[in-house]
Amino acid sequence: MAEDEREHVRVAIVGSGFGGLGAAARLRREGVTDFVVLERAGSVGGTWRDNTYPGCACDVPSHLYSFSFAPHADWPRTFSGQEHIRAYLEQVTDRFGLRPHLRLDTEVKRMRWDSARLCWEIETSGGRLCADVVVSATGPLSDPKVPDVPGIGTFPGKVFHSARWDHDYDLRGKRVAMVGTGASAIQIVPAIQPEVEHLTLFQRTPPWVLPRVDRDISDVERRLHRTLPFTAKLRRGLLWGIREVQVQAFTKYPSGLGPVERMAERNIARAVKDPALRARLTPDYRIGCKRILLSNTYYPALARENVDVLASGLAEIDGSTLVAADGSTAEVDAIVFGTGFHVTDMPIAERVVGADGRTLAQAWAETGMRSLRGASAAGFPNWLTIIGPNTGLGNSSMILMIESQLNYMADFVRQLDVLGGRAALDARPEAVQAWNDRVQERMKRTVWNTGGCTSWYLDANGRNTTVWPGTTTEFRSATRRVDLAEYEVLRVRGRDSDDTKVEVGA
Ligand SMILES: Cc1cc2nc3c(=O)[nH]c(=O)nc-3n(C[C@H](O)[C@H](O)[C@H](O)COP(=O)(O)OP(=O)(O)OC[C@H]3O[C@@H](n4cnc5c(N)ncnc54)[C@H](O)[C@@H]3O)c2cc1C
């Protein structure tokens, strides 16, 4: 196909989780209809489509973990399970008329900035297209990370990652190893413990776990929310406000978190009577440094007779024998890796080639991930990330951050319209630097950097490139508008692209 005949769209959104669907709904509400949503899977839902492991549920109450512009009065539980959140995202897709924009089973392989035409050339598994603007919503926790354990090839049994659960494999009566103690693992352990013959937990670092105040939402409450929608708003507001106050302890006063640690220690003591096991399960770092997990069933499950907790990471595999770093061993039939995701090495960054011919991964190789207001990287014009660098939260709903980034995206597209003609916005390196310096300065005091743990919030060089060191209100106000002074405006002049000029200047 000749270049000029290639399909052209105003905006290409990559991914159809909360970020991608939110961006699509927002564009439609802004009156932009010339866009596509490119999704590698066969259906929408992102995280909540891929994670189907037993016990999978959200750690944030549903009335807060949902779009403010698409309230749902009928959440069945305070903390909804995966299937309900996935169904909600399907409803959002229909409610905002997003189906015609979806390109499912379409994986983005490569995106290259065309400096002459000021557009992104996108190569997908379903063909090529070009887009004026790319909104990358490929998710922070989307590509599973499986450690390359020596000898894994010799293991004769079943192996899978928590985010790719094999429902055809029956765990009943099997000896199972759970590797990892993150948010997924602590939901999986109590869900499978009653079924398996034996469960061995490989624990490199114990998490802090607080009780989960979870219950059915009554018919009365649901009816109230349906008939008087402001009551659902009020509920959301309360859930949000509590977390806005709580986050101050994480960002400014980590030394004040001692009483919360005592509460978490009581949670262990209530369920675990064996002092040796209690000691193994008690963290030696400040609470909040790693994500605080919520469960009423994790510790009771670990105290059962068919469970062993090895306080050491999985170091080696020799046939069906798993060897921990401290030398202890376990014979197992199946291994479940709850070992997290590629977070600080975002896979999409390898596939995006910017104005100077370098990939985003190469551009970030020395500095770590960094973007202006979590959205724009210098040298990658008209390319916005949803849940970009330093936009993660340790204690509240990611949907709040996503909605802030949608505001920024909407204003970005509006600004391009105002500029008229063919124009592009490229974040100025000094603006990215200034933003990043501010974020890192604030990060110094936070529990994530001072709490004495290593976590997936930190990159290979110990930099925190994932978490937002403030309140969601502060991020909302920082992303309300695009400040053109922070961007170079690129323009194409002339009708024929072969004799176009790119003019740089604000
Ligand atoms: C088990 C689990 C529990 C969680 N619980 C919470 C919680 O309690 N509270 C909270 O705030 N957050 C939680 N999160 C974080 C959660 O990821 C975010 O809240 C949110 O769902 C992210 O949405 P997203 O759209 O950015 O990414 P995702 O939902 O990950 O969607 C990304 C989409 O991009 C697609 N994609 C990726 N690469 C490509 C490509 N190259 N081409 C085409 N498509 C591509 C993927 O297939 C996927 O559909 C949890 C995450 C996990 C994994």
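Taking the residues in segment 336-354 that are within 13 Å of the ligand (Cβ to nearest atom) and over 30 Å from residue 158 (Cβ atoms) as candidates, determine which candidate is surrounded by the most Cβ atoms within 10 Å (Cβ to Cβ). If we take residues in segment 336-354 being within 13 Å of the ligand (Cβ to nearest atom) and over 30 Å from residue 158 (Cβ atoms), then 352 is surrounded by the most Cβ atoms within 10 Å (Cβ to Cβ).
Scanning segment 451-475 for residues that are among the hydroxyl-bearing types (Ser, Thr, Tyr) and surrounded by 15 or more Cβ atoms within 10 Å (Cβ to Cβ) turns up 455, 457, 465, 466, 471, 472. Checking residue 145 against (1) of a type in the set (D, E, K, R); (2) within 16 Å of the ligand (Cβ to nearest atom); (3) touching a Lys or Arg at 6+ places or on another chain (Cβ under 8 Å), which single condition isn't satisfied? Among (1) of a type in the set (D, E, K, R); (2) within 16 Å of the ligand (Cβ to nearest atom); (3) touching a Lys or Arg at 6+ places or on another chain (Cβ under 8 Å), residue 145 violates only (3). Contact map, segment 12-38: first residue at negative phi, second residue outside any strand (DSSP E or B) and of a type in the set (Lys, Arg), Cβ cut-off under 9 Å, separation 6 or more or different chains; pairs are 14/40; 16/49; 17/49; 25/95; 30/414; 32/26; 35/28.
The rows are residues; the columns are (1) surrounded by fewer than 15 Cβ atoms within 10 Å (Cβ to Cβ); (2) modelled with pLDDT of 95 or more; (3) not small (Gly, Ala, Ser).
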| residue | (1), (2), (3) |
| --- | --- |
| 27 | no, yes, yes |
| 32 | no, yes, yes |
| 50 | no, yes, yes |
| 65 | no, yes, yes |
| 73 | no, no, no |
| 80 | no, no, no |
| 85 | no, yes, yes |
| 105 | yes, yes, yes |
| 111 | no, yes, yes |
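If the requirement is being free of Cβ contacts under 8 Å to residues at least 12 places away in the same chain and loosely packed, with under 12 Cβ neighbours inside 10 Å, which of these qualifies: 262, 278?
262
Is there a residue in segment 355-363 that is more than 13 Å from the ligand (Cβ to nearest atom) and either in contact (Cβ under 8 Å) with a residue 60 or more places away in the chain or at positive phi (or both)? Yes: one or more hits. Can you find a residue in segment 78-91 that is in contact with a Leu (Cβ under 7 Å, 6 or more places away or on another chain) and either more than 14 Å from the ligand (Cβ to nearest atom) or aromatic (Phe, Trp, Tyr) (or both)? No, segment 78-91 contains no residue that is in contact with a Leu (Cβ under 7 Å, 6 or more places away or on another chain) and either more than 14 Å from the ligand (Cβ to nearest atom) or aromatic (Phe, Trp, Tyr) (or both).
From the set of residues in segment 247-257 that are touching a Lys or Arg at 6+ places or on another chain (Cβ under 9 Å) and more than 14 Å from residue 292 (Cα to Cα), which is surrounded by the most Cβ atoms within 10 Å (Cβ to Cβ)? Spell out the reasoning first.
Initially, segment 247-257 is screened for residues touching a Lys or Arg at 6+ places or on another chain (Cβ under 9 Å), giving 251-255, 257.
Now narrow it down to the ones that are more than 14 Å from residue 292 (Cα to Cα): 251-253, 255.
Numbers: 251: 22, 252: 15, 253: 11, 255: 10.
Among those residues, the one meeting the criterion is 251.
The values are calculated or read from the model by the stated rules, or taken from the named source; none is laboratory data. On a predicted model such as this, the values are computed, not experimentally measured, just so you know. So basically every Cβ, Gly included, is an ideal-geometry build from the backbone, and we count neighbours across all protein chains shown.
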